[in-house]
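Right, one structure below, let's go through it.
The values are calculated or read from the model by the stated rules, or taken from the named source; none is laboratory data. In this text the structure is predicted, and so the values were computed from the model without any measurement. Note that we place each Cβ from the backbone using ideal geometry, even for glycine, and neighbour counts take in every protein chain shown.
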Amino acid sequence: EKEGYDHFMIKEINEQDAAIRNTLGEKDKIKDIVDEVKETINRVVFVACGTSYHASLTGKYLIESLVGIPTEVLLASEFKYSAKALNDQTLVIFISQSGETADTLKALDAANETSKTLAIVNVRGSSATRKADYVIQTQAGPEIGVAATKTYVSQLIAIYLFSALLADDADLLKRLEKVPDYIDEVLKKQGIIREISNNYKRDKDAFFIGRGFSYPIALEGALKLKEISYIHAEGYAAGELKHGPIALIDKNIPVVVVVPPGQDHNKIMSNLQEVKARGADVLGIGAIGDKDLIKESDNVFLINSEVDDILAPLVYIVPLQLLSYHVSVLRELDPDKPKNLAKCVTVE
Ligand code: F6R
């Protein structure tokens, strides 16, 4: 039931603090899996589709930067071209909300032939949970809206726990416990995004840019806007803009710039300048107290400055989900049932 909310999507966005808190409770079970696999693996391959693919990209950055194990991310529908390169020292991690996506299940069957498989799944008892060697159950509860929101952040927190345990990073494990509070702070300010959304409701195109950990945030923000609001949106690595797409930037194009505190901050700010110089309308998502960002952006949404680039994927996505929701509602669309999309894609 919608419990007073207009749509399931906005209800589920508002349940993300709880979804993360509950999934943090899986830590001991995840530790058991890490202990079993850590001695034997020298490579990790993530396999997923759509939003779950974006969670996987964050996993690559985490495992490579924290643990140094080479990690790749494959789209499930493209998996077969790489299957021959797997072996028994590869851990293949499948990320799927439904656990029933046909492309993902097909790849899981193939990976089981050669490698240890781990599935991170939200729907209990789904096919992926029965096929994989190991299972991490995300605790988001049922997700009714077609757009993945609370299941996405739950996948992410499961991947963060897995990576931090693999790296034996006690400091990161401790910081993860504060994430539900950071999300709660964002949710308390959601009226700001509703206001900002009015500026975007008539747009035909949008760009989302980020670097490092904020690159997958940009991809996911763009996917949400596409699927819920039917606005053509592209997520781009900020450094890649100048290799082509910057030709499209002019005063008609809004650019959402994801700028958490951290090592890439100044580089992303230069990319912001590049698009601004071409007249783009900049929506900056950054930290409270980031004076440069506030000065350079046309609109800003600000987040607790304790959320640095490493934690950003878990928190910075929330205003972007809210943006796509409100733009969709303002365009008089139904965010819970976007056209041509199904909650679970059971064809290849
Ligand atoms: C986007 C969305 C889809 C799914 C994709 C994979 O909001 O929901 O992109 O993420 O179809 O689905 P699962 O995770 O169930 O395998």
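Let me confirm something: among Arg194, Arg175, which residue is more than 16 Å from the ligand (Cβ to nearest atom), touching a helix residue (DSSP H, G or I) at 6+ places or on another chain (Cβ under 6 Å) and charged (D, E, K, R)? Full working, then the answer.
On the way: Arg175 fails: touching a helix residue (DSSP H, G or I) at 6+ places or on another chain (Cβ under 6 Å).
Arg194 is the lone residue from the list that is more than 16 Å from the ligand (Cβ to nearest atom), touching a helix residue (DSSP H, G or I) at 6+ places or on another chain (Cβ under 6 Å) and charged (D, E, K, R).
Scanning the range 140-164 for residues that are more than 11 Å from the ligand (Cβ to nearest atom) and surrounded by fewer than 21 Cβ atoms within 10 Å (Cβ to Cβ) turns up Gly141, Pro142, Ile144.
The rows are residues; the columns are (1) free of Cβ contacts under 8 Å to residues at least 12 places away in the same chain; (2) within 16 Å of the ligand (Cβ to nearest atom); (3) assigned to a helix (DSSP H, G or I); (4) crowded, with 22+ Cβ neighbours inside 10 Å.
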| residue | (1), (2), (3), (4) |
| --- | --- |
| Glu39 | yes, no, no, no |
| Phe46 | no, yes, no, yes |
| Ser56 | no, yes, yes, yes |
| Gly59 | no, yes, yes, yes |
| Ser77 | no, yes, yes, no |
| Asn87 | no, no, no, no |
| Lys106 | no, yes, yes, no |
| Thr114 | no, no, no, no |
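Among residues that are farther than 16 Å from Val256 by Cβ, touching a residue at least 12 places away in the same chain (Cβ under 8 Å) and out of contact with any Cys (no Cβ under 6 Å at 6 or more places or on another chain), Asp298 is not included.
Could you tell me whether the range 66-73 includes any residue that is within 16 Å of the ligand (Cβ to nearest atom), crowded, with 20+ Cβ neighbours inside 10 Å and not in a helix (DSSP H, G or I)? Yes - at least one qualifying residue is present in the range 66-73. Can you confirm whether Asp17 is part of a helix (DSSP H, G or I) and of a type in the set (Asp, Glu)? So Asp17 passes the test.
For the range 131-146, the count of residues that are of a type outside the set (Val, Ile, Thr), in a helix (DSSP H, G or I) and at pLDDT 95 or above is nonzero. One residue stands out among those in the range 89-104 that are under 18 Å from Leu156 (Cα atoms) and part of a strand (DSSP E or B): the one that is nearest to the ligand (Cβ to nearest atom), which is Ser96.
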